[in-house]
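Below: the structure, in structure tokens.
The values are calculated or read from the model by the stated rules, or taken from the named source; none is laboratory data. Keep in mind the model is a prediction, meaning the values are calculated, not measured. Neighbour counts run over all protein chains shown; Cβ positions are idealised from the backbone, glycine included.
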């Protein structure tokens with residue numbers, strides 16, 4: 001009986017954490033106007049780079065870096081919460097997202113140093 005209670009508390013805790021994470025991501029996206037600043041074309045390029053196999057232009061790379069890491073992470077996490085992407089491995093996507101961010105940041109930094 002005690003294990004059932006522990007299990008119930010764990011389920012409630014994890015559900016609350018997921019709801020809080022969703023609200024936190026939505027708040028970051030809303031407060032920073034993350035979705036509209038990049039433009040649909042660049043959002044689509046970034047999405048295919050992270051969630052599928054694709055590339056992103058230097059222009060869109062720059063727009064993403066200007067948005068900041070918080071926007072980038074919140075958008076990726078919110079996409080992972082969508083039931084349409086339930087078959088994707090969140091760990092793999094987060095790793096790919098971080099690699100993509102680091103590549104973009106290095107590209108922008110190298111262009112700034114050479115200017």
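The set of residues from the stretch 38-68 being surrounded by fewer than 14 Cβ atoms within 10 Å (Cβ to Cβ) and assigned to a helix (DSSP H, G or I) comprises 40, 41, 48, 58, 59, 66.
The lone criterion from (1) surrounded by 14 or more Cβ atoms within 10 Å (Cβ to Cβ); (2) over 20 Å from residue 35 (Cβ atoms); (3) free of Cβ contacts under 8 Å to residues at least 24 places away in the same chain; (4) more than 15 Å from the chain's Cα centre (by Cα) left unmet by residue 87 is number (1). Evaluate the following for residue 92: is it modelled with pLDDT of 85 or more, out of contact with any strand residue (DSSP E or B) (no Cβ under 7 Å at 6 or more places or on another chain) and either assigned to a loop (DSSP other than H, G, I, E, B) or surrounded by 15 or more Cβ atoms within 10 Å (Cβ to Cβ) (or both)? No; evaluated as a whole, the condition is false for this residue. Scanning for something farther than 17 Å from residue 33 by Cβ, free of Cβ contacts under 8 Å to residues at least 12 places away in the same chain and under 13 Å from the mean Cα position of the chain (by Cα), does the stretch 62-82 turn up at least one residue? Yes: one or more hits. The set of residues in the stretch 29-42 being free of Cβ contacts under 8 Å to residues at least 24 places away in the same chain and under 15 Å from residue 76 (Cβ atoms) consists of 42 alone. Residues that are assigned to a helix (DSSP H, G or I) and touching a helix residue (DSSP H, G or I) at 6+ places or on another chain (Cβ under 7 Å) within the stretch 27-37 comprise 28, 29, 34, 35, 37, listed in sequence order.
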